[in-house]
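To start, the structure itself, in structure tokens.
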Amino acid sequence: MANELKAKDKQGIDLSNLPSHVAIIMDGNGRWAKKRGFPRVYGHKKGVENVREIVETCADLGVKVLTLYAFSTENWIRPKSEIAGLMSLLGKYLVSEEKTLNDNNIRLRTIGDTGALPKPQRELLEKTMRSTEKNTGMVLNLALNYGSRQEIIRAFGILVEKGVQRASEQDISSSLYTAGLPDPDLLIRTSGEQRLSNFLLWQMAYGELYITDVLWPDFKPQELYKAIKDFQSRHRRFGGIKAVQT
Ligand code: FPP
């Protein structure tokens, strides 16, 4: 009987208790490449290949929102050639993935100041967002030229312009780039660094952190399953004393 009542599971994951919103800091591409004697941009190329796999795996599991930290406001200080490599990979990804996103009913959106990205990437983003806007499955949320402090400052600007005198939590949440999305339940950071690095500072107030030493290009679906199972073993209390089933 207990077994009959147990929610369907996949790879040992309880599908009735999935994190609705998973956010990932995809770190370690450079180290992955260096360890193998390749240029850093090759690590990013392998990183993008992994993005494909993880996006499909999340959509297949039934995750509702997947946010990927693809380019931060701080990443502009990297060498010009690496920035150009990352932008080129983003463009290629958008061209090659449009069909897969549609086939998997995935809707693309972005957070961050995308207006500062090169024109071809901006245009490809707009095209892909338009082509996927009616999809009803997972939202793939790419953080591009994203910085959480910049996002919060921008939100203050929006509220001041609206004449809001005393902003509520809801006022602030709905003025962030992530307006309309649930806060992340689980934030995964690869490559062992134990920082938020200006990512979703407001939204992560109660989100669970999962840090793994695995470098992003090696973070395969089995690693994602491990992270979700770990999440499911935790007791989220949201400041109270009783565990809350989310
Ligand atoms: C961190 O690795 C990774 C980034 C700064 C960029 C992540 C970008 C991608 C995976 C590719 C672009 C994404 C899409 C969706 C097309 P790092 O270079 O900081 O690695 P390191 O810490 O080992 O040097």
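The values are calculated or read from the model by the stated rules, or taken from the named source; none is laboratory data. What you see is a predicted model; the values in this text were computed from it and never measured. In this analysis, Cβ positions are derived from the backbone assuming ideal geometry, glycine residues included, and neighbour counts consider all displayed protein chains.
With the structure loaded, tell me whether GLU82 is of a type in the set (Asp, Glu), within 11 Å of the ligand (Cβ to nearest atom) and buried (at least 18 other Cβ atoms within 10 Å of the Cβ) or whether it fails that test. Against the criterion (of a type in the set (Asp, Glu), within 11 Å of the ligand (Cβ to nearest atom) and buried (at least 18 other Cβ atoms within 10 Å of the Cβ)), GLU82 does not qualify.
Taking LEU68, is it within 8 Å of the ligand (Cβ to nearest atom), under 20 Å from ALA143 (Cβ atoms), under 12 Å from the mean Cα position of the chain (by Cα) and touching a residue at least 40 places away in the same chain (Cβ under 8 Å)? Yes, satisfied. Going through (1) of a type outside the set (S, T, N, Q); (2) within 11 Å of the ligand (Cβ to nearest atom); (3) touching a residue at least 12 places away in the same chain (Cβ under 8 Å); (4) surrounded by fewer than 19 Cβ atoms within 10 Å (Cβ to Cβ) one by one, GLY62 falls short only on (2). Quick check, is ASN141 outside any loop (DSSP other than H, G, I, E, B), in contact with a His (Cβ under 9 Å, 6 or more places away or on another chain) and either under 19 Å from CYS58 (Cα atoms) or aliphatic (A, V, I, L, M) (or both)? When the stated conditions are applied, ASN141 passes them.
Inside segment 120-138, residues that are assigned to a helix (DSSP H, G or I) and not hydrophobic (A, V, I, L, M, F, W, C) make up a count of 10.
Residues satisfying the criterion are absent from segment 219-240 (criterion: outside any helix (DSSP H, G or I), touching a strand residue (DSSP E or B) at 6+ places or on another chain (Cβ under 9 Å), of a type in the set (S, T, N, Q) and surrounded by 12 or more Cβ atoms within 10 Å (Cβ to Cβ)). Of the residues making up segment 221-241, not a single one is closer than 15 Å to ALA23 by Cβ and among the hydroxyl-bearing types (Ser, Thr, Tyr).
Of all residues in segment 187-246, exactly one satisfies the criterion of being within 16 Å of the ligand (Cβ to nearest atom), farther than 27 Å from LYS10 by Cβ and aromatic (Phe, Trp, Tyr), namely PHE199. Just one of (1) closer than 30 Å to ALA84 by Cα; (2) free of Cβ contacts under 8 Å to residues at least 12 places away in the same chain fails for ILE152. It is (2). Could you tell me whether any residue of segment 51-59 is near the ligand (Cβ under 6 Å from one of its atoms), closer than 17 Å to SER191 by Cα and either under 16 Å from the mean Cα position of the chain (by Cα) or surrounded by fewer than 19 Cβ atoms within 10 Å (Cβ to Cβ) (or both)? Scanning segment 51-59 turns up at least one residue that is near the ligand (Cβ under 6 Å from one of its atoms), closer than 17 Å to SER191 by Cα and either under 16 Å from the mean Cα position of the chain (by Cα) or surrounded by fewer than 19 Cβ atoms within 10 Å (Cβ to Cβ) (or both).
Applying the condition of being in contact with a His (Cβ under 8 Å, 6 or more places away or on another chain) and among the charged types (D, E, K, R) to segment 170-220 and asking which residue is farthest from SER20 (Cα to Cα) yields ASP183. Residues in segment 31-50 that are near the ligand (Cβ under 10 Å from one of its atoms) and either more than 20 Å from the chain's Cα centre (by Cα) or not basic (Lys, Arg) (or both): 13 in all. Of TYR177, TYR210, all but one fail to be outside any loop (DSSP other than H, G, I, E, B), of a type in the set (Phe, Trp, Tyr), touching a residue at least 12 places away in the same chain (Cβ under 8 Å) and surrounded by 12 or more Cβ atoms within 10 Å (Cβ to Cβ); the exception is TYR210. In this entry, VAL63 is excluded by the filter for residues that are touching a Cys at 6+ places or on another chain (Cβ under 7 Å) and either under 13 Å from PHE219 (Cβ atoms) or modelled with pLDDT of 95 or more (or both).
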